[in-house]
Amino acid sequence: MDTLTLVGLGAAACTTIAFIPQIVRNHRRRSAGDLSLLSFSVFTAGVILWLVYGLAINNLPIIVANVLTLGVNLINLGQMVWYRRHPAASTRV
């Protein structure tokens, strides 16, 4: 694997890991009310487009970055929707 691919995979790891603390925080607080559903939705749409692009040009770092980031952001979106539809869940510990 060449150096540029390793740099791309490192960038993929950083951009994916960046959202994991938010998932943990949402879970601990049983709330995601302070997050913008629209912002995360638009970001997730962008990630999907980047994934399609990466698949089209067969670029491993772009594919890996966006598959992982898509998974993490779908969890965030799921938490936002869940906690907004089930506010009683936020009172449970």
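Just so you know, all these numbers are worked out from the coordinates, no wet-lab data involved. Keep in mind it's a predicted model, so treat the numbers as computed, not measured. Cβ: placed from backbone, ideal geometry, glycine included. Neighbour counts: every protein chain shown.
Worth a mention:
- Percentage relative contact order, the chain, counting C-alpha pairs under 8 Å, at least six apart: 44 percent
- Computed from the Cα positions only, the extents of the chain along the three principal axes stand at 50, 20, 14 Å, in decreasing order.
- Charge dipole (debye, nearest 20) of the chain; +1 at Cβ of Lys and Arg, -1 at Cβ of Asp and Glu: 640 debye
- To the nearest ten degrees, helix 20-29 and the longest principal axis of the Cα atoms of the chain are 10 degrees apart.
- Rough spin-label spacing in nm, given labels placed 7 Å along Cα→Cβ, for M1 and A13: 0.8 nm
- From helices alone, the chain scores -26000 deg cm²/dmol at 222 nm; the rule is -39500 (n - 2.57) for each run of n ≥ 4 DSSP H residues, then divide by the residue total.
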